[in-house]
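In what follows, a single structure is set out as structure tokens and then discussed.
The values are calculated or read from the model by the stated rules, or taken from the named source; none is laboratory data. What you are looking at is a predicted structure, and each value in this text was computed from that prediction instead of being measured. Cβ atoms come from the backbone with ideal geometry, glycine included; neighbour counts cover every protein chain shown. Just so you know, the surface numbers come from the protein's heavy atoms only, side chains and all, with ligands and any DNA or RNA stripped out. Shrake-Rupley method; radii C 1.70, N 1.55, O 1.52, S 1.80 Å.
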Amino acid sequence: TGITSRALGDLTERVAELNGEKRRRKARLGEMGAEIATLWEKLHVPDHEQRAFAESVKGLGMDTIQKGEDELRRLLDLKAAMMGRLIDEAREQIELLWKETSATDSQRAGFKGFALKDESQYTDELLSEHDSYIQYLQRRYEQMQPILKVIEKREEIIKERMEYEELQKDPTRLQQRGSALTKQLMREEKIARRIKKDLPKATSYLERKLRDWKKSNDEHFLYNGEVYLDIMSRQEEEWHEYKDKEMQLKLRKRQEEKVAASNRGPSDSGYYKPLPGKKRSGTGANTTHRGGSGDGTNNPLADAGNRTNRDRGGPSRAKSRGRAPGGFDPSKPSLAGAAGNGRAPSRSRPVSRGRMGMGASSFR
């Protein structure tokens, strides 16, 4: 009535066999599914066809395995028919990766399968070689990507540096008003900050990383087919040459302005120029007038007495020696006589008390 040990052993063995078959079928379906998915992508199978097949298979039965084998066979036949096109697409991808990784001519020549042009020799093995080489280039590109990002950022700042120099030469940019001027100034400030801070930082980082790349890979890091360390050195030399040239142009312009200002003369330079017929007071040439009082003033009456004496033929003041103490000359006419001749009476220049004698009291 009970289950014998033999029957129990047979059942246990059968369960183990079924579990093993289950694992084998899962593995088989997994392998076929991965290969089918790869061929779908390579052969550009439409999405609706892929969904239709995936919905048609269920479970681990033999019908599922059979459907998988049929789909794989169909795709392999399609692949053979499209072999020439598939290899051409693989080569296009390889050329793109060569460009992105700045591969040298010797590196490109190292892939021998690329040189085969006879389509009759296009085989599944040749296509597999192309696929493997593509995977190698993709890994290399991923390894270069962090350095390439910094290089591209630095190249952008180098371009902005020249744009900033040209902006500073254009004064019309400041003639804008309102928000337009604010945006322009903010943009210039942002560029100046990137030039001052980000450019030196990126340069220092790249110098260190590019030397490490040379030690690790036994080759220089290339950008657009040229050693980027050499590119950075050339850019710095060109920048210093540009700044020196700009400085020389500024100095030459200042010198020309100085020469032009000296050629214009004082009248063109804003210096004072007296008007015709007028004299500037305080100059040595105009302080003493003929027959004047000698104190630097232009007194119209100071020489009236001398003019009267000269008109009458009397001795001039310069030749007169017989003066009374105090400067009074008895030979000169009185004020009344001067007025009688139609001339304005003149007054003698005041003299100090030390020189005044009896004649001074008589003068008063």
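Observations, loosely collected:
- Ligands, DNA and RNA aside, Ser56 has an accessible area near 50 Å² when probed at 1.4 Å.
- Ile151 exposes around 0 Å² of accessible area when a 1.4 Å probe is run over every protein chain in place.
- Gyration tensor verdict on the stretch 123-215 (Cα atoms; rounded if a/c is under 1.5, prolate if a/b is larger than b/c, oblate otherwise): prolate
- Accessible-area composition of the stretch 121-222, carbon plus sulfur, in percent [1.4 Å probe]: 49
- Solvent-accessible surface (1.4 angstrom probe) belonging to Lys245, in square angstrom, nearest 10: 130
- In nm, spacing of pseudo-spin labels at Arg28 and Ala7 (7 Å Cα→C-beta vector): 3.2
- A Cβ-based charge dipole, computed about the Cα centre of the stretch 100-139 with Lys and Arg at +1 and Asp and Glu at -1, lands at about 220 debye.
- Qualifying trypsin sites (Lys or Arg not before Pro) in the stretch 127-187, DSSP loop, other Cβ atoms within 10 Å at most 14: Lys169, Arg177
- Order of exposure, largest accessible area first, which applies to Arg234, Arg6 with probe 1.4 Å: Arg6, Arg234
- For a straight C-alpha distance cut-off of 20 angstrom, the lysines reachable from Lys112 (same-chain residues fewer than eight places away being disregarded) are Lys99.
- Backbone N atoms of the stretch 66-108 closer than 15 Å to the 7 Å Cα→Cβ label point of Val227 belong to residues 104.
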